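Working notes, beginning with the structure itself.
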Amino acid sequence: MPMEGKDIEALIREAFPNAKITITDLAGDGNHWAAEVIDESFKGMNRVQQQRAVYASLKGKMDGANGELHALALTTKAPD
């Protein structure tokens, strides 16, 4: 069963409570999502570190063929 955008945002928000989070359904099918996460905690981290932190917040929902979240295009950055 596909995940809903609000559920993806809730998982990310748990780990990054003060982040600006934008979730977009890319294909309209509930399976292909994009997330932009802007958070102060990303300062001093490279993009790989930032994205690993966000993927960790998803608590295994993207793990393999049995994951509830099929595809997530992720953009992360620290605020300007």
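The values are calculated or read from the model by the stated rules, or taken from the named source; none is laboratory data. What you see is a predicted model; the values in this text were computed from it and never measured. Please note: Cβ atoms are built from the backbone with ideal geometry, for glycine as well, and neighbour counts cover all protein chains shown. Calculation scope for accessible area: heavy atoms of the full protein, side chains included, ligands and nucleic acids excluded. Shrake-Rupley method; radii C 1.70, N 1.55, O 1.52, S 1.80 Å.
Which of the chymotrypsin sites (Phe, Trp or Tyr not before Pro) across the chain are loop residues per DSSP, with 10 or fewer other Cβ within 10 Å?
In loop regions of the chain (DSSP not H, G, I, E or B), there are no sparsely surrounded chymotrypsin sites (Phe, Trp or Tyr not before Pro).
What percentage of all Cα-Cα pairs in the chain are separated by more than 17 Å? Could the numbers behind the result be given before it?
Numbers: 1265 of 3160 pairs.
Of the Cα pairs, 40 percent sit more than 17 Å apart.
At a 1.4 Å probe radius, carbon and sulfur cover how many percent of the accessible area of the chain?
Within the chain, the accessible surface is 50 percent carbon and sulfur.
Please give the per residue accessible area of the chain, computed with a probe of 1.4 Å over protein heavy atoms only, in Å².
61 Å²
How high is the relative contact order of the chain, in percent, counting Cα pairs under 8 Å that sit 6 or more residues apart?
So the answer I get is 35 percent.
Using θ = phi - 60° and the Karplus curve 6.51 cos²θ - 1.76 cosθ + 1.60, what whole-Hz ³J(HN,Hα) does each residue of segment 26-42 get, with Gly and Pro shown as x?
6, 10, x, 10, x, 10, 10, 10, 10, 9, 10, 10, 10, 8, 4, 5, 7
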